[in-house]
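Here is the structure we will look at, set down as structure tokens.
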Amino acid sequence: ASTSQAPGVEPTRHQVQRGETAFTIARTYNVAPKDLADWNSLDANLSVREGQYLLIPVLATPAPAAAAP
């Protein structure tokens, strides 16, 4: 999957709630924790703080393949 932003699509903002981790947030939005970390400049431990805002990666979706006749 490509991690480049889809043209014209704004990323979602998520405010970290008590008890959430980068892994649970990534799973909620169906994105890779590494992509979440890259987009938000998280440290190697993927540390997040309560109240912090994170941008949720918007993955560019490939064009649908043409059906074979």
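The values are calculated or read from the model by the stated rules, or taken from the named source; none is laboratory data. Bear in mind that the values here come from a model prediction, so they are computed numbers and not experimental data. Heads up, the Cβs are rebuilt from the backbone with ideal geometry, glycines too, and the neighbour counts pull from every protein chain shown. Protein only, heavy atoms only, side chains kept; ligands, DNA and RNA dropped before computing areas. Shrake-Rupley method; radii C 1.70, N 1.55, O 1.52, S 1.80 Å.
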For region 1-35, give me each residue that is more than 12 Å from Val58 (Cβ to Cβ), touching a strand residue (DSSP E or B) at 6+ places or on another chain (Cβ under 7 Å) and either modelled with pLDDT under 95 or not polar (S, T, N, Q) (or both). His14, Val16, Ile25
Going through region 45-65 in order, the residues found to be open to solvent by 100 Å² or more (accessible area, probe 1.4 Å) and either hydroxyl-bearing (Ser, Thr, Tyr) or modelled with pLDDT under 95 (or both) are Tyr53, Thr61, Pro62, Pro64
Of all residues making up region 15-36, the number that are outside any loop (DSSP other than H, G, I, E, B), over 8 Å from the mean Cα position of the chain (by Cα) and over 12 Å from Tyr53 (Cα atoms): 5
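Which residue is nearest to the chain's Cα centre (by Cα), if the candidates are limited to region 37-61 and must be assigned to a loop (DSSP other than H, G, I, E, B) and among the hydrophobic types (A, V, I, L, M, F, W, C)?
Start the filter on region 37-61 by keeping residues that are assigned to a loop (DSSP other than H, G, I, E, B), which leaves 41-52, 57-61.
After this cut, where a residue has to be among the hydrophobic types (A, V, I, L, M, F, W, C) as well, the list is 42, 44, 46, 48, 58-60.
Details: Leu42: 12, Ala44: 16, Leu46: 13, Val48: 14, Val58: 6, Leu59: 8, Ala60: 12 Å.
My answer is Val58.
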